[in-house]
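Novice: Quick one: the structure is below, questions incoming.
Just so it is clear, none of the values below were taken in a lab; they were calculated from the coordinates. Only a predicted model underlies this, so the values are computations on that prediction, with no experimental measurement involved. Quick reminder, even Gly has a Cβ in these numbers, built from the backbone with ideal geometry, and neighbours come from all protein chains shown.
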Amino acid sequence: MAHIFPSLTFLIRTLRTELFVTDPAAGDPGREPYIVAHNLILAHAHAEHQGGTIGMTNVSTWYYPYRDIPEDVEAALRAVDFMLGWFVAPVITGDYPSSMKKNVGERLPIFTPEEVKLVKAHRNGKPIGEQDGSSWLYIVPEGLYHLMLHIKDRYNDPKIFITENVNNKAITVTKAHIDQKRMKYHRSHLAYLKKAMEHHVRVKGYFIWSLLDNFERAQGYNSRFGIFYLDYENGRLTRFPKTSAVWWMNFLENPKNPWNRLPLKLQDVETEEERHGPAKKPRSGVA
């Protein structure tokens, strides 16, 4: 588990060191992440039963088989189970994915019959695509389409809200103004998301991450996910709209405009920007 979810394991070991024990080596990183996740799922279920509707924000990557052979197809689906199914399957089925139970064995906690009712009521491989500004982020828009279909087919066709979709590039404010790559990133992902919706996936929301550059967990202020550039060094935290901010605003206001609209065909994702030319240049600064 440590090599698959290093951040989770690191967090657990850090908490044990600072809050609970003096010797972090006394922990069990092969078991504790499953205990923590199990209690997170139960906590979510208890909170939801207090009334109202509470969604769960999940993080996932779509994995392609390394080779077109049964073993690699199974491995790719297993990777999705260990990232997405770990948290989604219990909410839908009341149990963990069979691939997790098979590979984790007795280290994986078991839901009691009462907990099942409570919860259910409501890498080996290599990355593909162009690497973005973060080491963990690769650009494969088609993967979003496959992930949506997988969730629809595997988990009883739930409503889906995409609460974060990110593009990162740590560059100077001068270069950040014209961020064609971020526009292409979101336009291409939205095009594949539209294709998924045409296959009756119930997507109800899509949120860009993020409005402003901000403090990112492991990378601090070195990552810039915002559609507004935030100047950390001038003492005033001046905000500068990037081209993607202008495009996003125009797209939401008038999606039928030729520049703003999504590609008519998926193969046009890479070429429409050249066809329509650049967007209007944004203002130099916003106080």
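Novice: Taking θ as phi - 60°, what are the ³J(HN,Hα) couplings along the range 232-242 by the Karplus curve (6.51, -1.76, 1.60), each to the nearest whole Hz, with x for Gly and Pro?
Specialist: These are the phi-based 3J(HN,Hα) values: 7, 10, 8, x, 10, 6, 5, 9, 10, x, 7 Hz.
Novice: Going by how many other Cβ atoms sit within 10 Å of their own, how do M183, M197 line up, fewest first?
Specialist: M197, M183
Novice: Under a no-solvent Debye model with one identical scatterer per Cα of the range 38-130, what's log10 I(q)/I(0) at q = 0.20 Å⁻¹?
Specialist: So the normalised log intensities work out to -0.96.
Novice: Turning to a different aspect of this structure: For K169, go through the lysines and keep the ones whose alpha-carbon is under 29 Å away, minus same-chain ones fewer than eight residues off.
Specialist: K126, K181, K184, K194, K195, K204, K242, K256, K265, K280, K281
Novice: Calculate, axis by axis, the spread of Cα positions in the range 192-239 along the three principal axes, and write the results as whole Å, longest axis first.
Specialist: Sorted largest first, the three principal extents are 49, 23, 14 Å.
Novice: Go ahead and run the numbers for FRET between I54 and K126, Cβ-Cβ distance against an R0 of 22 Å, rounding to 0.05.
Specialist: Details: r = 37 Å, r/R0 = 1.67.
E between I54 and K126, to the nearest 0.05, is 0.05.
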